Amino acid sequence: MKSISKITLAVLFYFSLFSSNANAADRNQMIGQMLMMGFQGGSANGTSAKRLANQIKKGQVGSVVFLGYNFKSKSSVKQLTSLFKNASGNKKLFIALDMEGGSVQRLGRKLGYPSIPSARSVAKRQSPAQAKSTYKKLASISKNAGFNMNLGPVVDLLVNPRNPVIAKWNRAYSADPKKVTEFARAFVKAHKEAGIITVLKHFPGHGSSIGDSHEGFVNISKTWKNKELDPFDQLIKSGDAPAIMPGHLIHSRIASDGVPVSISKPAISGLLRKKLNYSGLVISDDLQMGAIAKNYSYKNTIIRAVNAGVDILMISNSRKPDPSLPSKTIALISKAIDEGKIAPEKIEKAYKRIIKAKATVN
């Protein structure tokens, strides 16, 4: 008898949850897998971290994201990732961080780690083969600290040299789509070999913007070029796009429903899923960032994101930290399903993709 893959076993193990007779508890567990939550502080003994660990144990949270203020020291970070991993028991947990290299390297010099060059520097001074070696070091640092998801690479093109969030910090490899694709692929493959899943960002391309979506709406309708889609397209075709993060970007031609790409059904279910034939994970950028939080209610944001086709909802829980936000979000989504505002199939499809992806990481 042929051996059954880990992915097949994982999907079969949870298959019973997809029946039409699945009870409310089962559905809530599936919704919990869709939540990637942030937390306050940088200590495993902190109230916020302990609370989040308990929510993970209860199945209310399926992924954790570390933000800048969570990184205090090598030992404290390791203690935190261990706390969360242990809380998940025999269920895998995505533990994510931003680790691009250059100015975006959470595990950097301040914590005693070696500096990894920025994307721009790597593309200027290294070949793709050399870059893979560089990114093996990056992946090793992350893995040893307890992380299994890297919110990178950036596959935005260097379209606007005055871009305040991409170009300014040398986060883009190049203005050439082919070059960006080659170096991003090296990044993805190096991490895959280490058992870490990577997240391409920021779909459909943030490189032409003149604003920062951390602060408010960024409209790329007039500045965006078709070639900015090329790296996403090529990496999807070659199987090097395990997860993709849509940006909080306004683009009237792509997100024709008038909302940011990150919560737009035409952009995600239409362009990304159907036109580009993408079947991997879609992970939102933080849904409490300024571009979203200042213009949409939390309820509206969550419902729109799920309906758009987002699999994992990143929620930093940082604007006004709410200890009960995971359970409230699960209740919000569950109620929306009961009211016919979200189709149950959206949750089931997202859950299947999450479980399949989790089977590929350490």
note = Residue hits (segment 335-362; under 21 Å from Y298 (Cα atoms), touching a helix residue (DSSP H, G or I) at 6+ places or on another chain (Cβ under 6 Å) and assigned to a helix (DSSP H, G or I)) are A336, I337, P344, K346, I347
ask   = Which residues, taken from segment 278-290, are within 17 Å of L67 (Cβ to Cβ) and among the hydrophobic types (A, V, I, L, M, F, W, C)?
value = I283, L287, M289
key: Among the residues listed as A175, A184, A267, A255, the single one being aliphatic (A, V, I, L, M), outside any helix (DSSP H, G or I) and under 26 Å from A350 (Cα atoms)   = A255
query = Out of all the residues in segment 172-188, which are in contact with a Lys or Arg (Cβ under 7 Å, 6 or more places away or on another chain) and either closer than 19 Å to S103 by Cα or surrounded by fewer than 17 Cβ atoms within 10 Å (Cβ to Cβ) (or both)?
reply = A172, Y173
query = Picking from A343, A350, which residue would you name as being of a type in the set (G, A, S) and closer than 18 Å to M37 by Cβ?
reply = A350
ask   = When segment 281-299 is examined, which residues are found to be among the small types (G, A, S), out of contact with any Gly (no Cβ under 9 Å at 6 or more places or on another chain) and touching a residue at least 24 places away in the same chain (Cβ under 8 Å)?
value = S284, A293
request  = Would you mind finding the one in A305, A291 that is touching a His at 6+ places or on another chain (Cβ under 8 Å) and in a helix (DSSP H, G or I)?
outcome  = A291
query = Does L67 satisfy the criteria of being touching a Phe, Trp or Tyr at 6+ places or on another chain (Cβ under 9 Å) and surrounded by 20 or more Cβ atoms within 10 Å (Cβ to Cβ)?
reply = no
ask   = What residue, of I254, I244, I220, I263, is surrounded by 19 or more Cβ atoms within 10 Å (Cβ to Cβ), more than 20 Å from the chain's Cα centre (by Cα) and farther than 16 Å from A175 by Cβ?
value = I254
note = Within segment 303-323, of all residues that are modelled with pLDDT of 95 or more and out of contact with any helix residue (DSSP H, G or I) (no Cβ under 9 Å at 6 or more places or on another chain), the one surrounded by the fewest Cβ atoms within 10 Å (Cβ to Cβ) is S316
query = Do the conditions hold for A291, that is, is it closer than 23 Å to L35 by Cβ, modelled with pLDDT under 95 and crowded, with 17+ Cβ neighbours inside 10 Å?
reply = yes
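The values are calculated or read from the model by the stated rules, or taken from the named source; none is laboratory data. Since this is a predicted model, take the numbers as computed values, not measurements. A quick note on method: Cβ atoms are made from the backbone with ideal geometry, for glycine too, and the neighbour counts reach across all protein chains shown.
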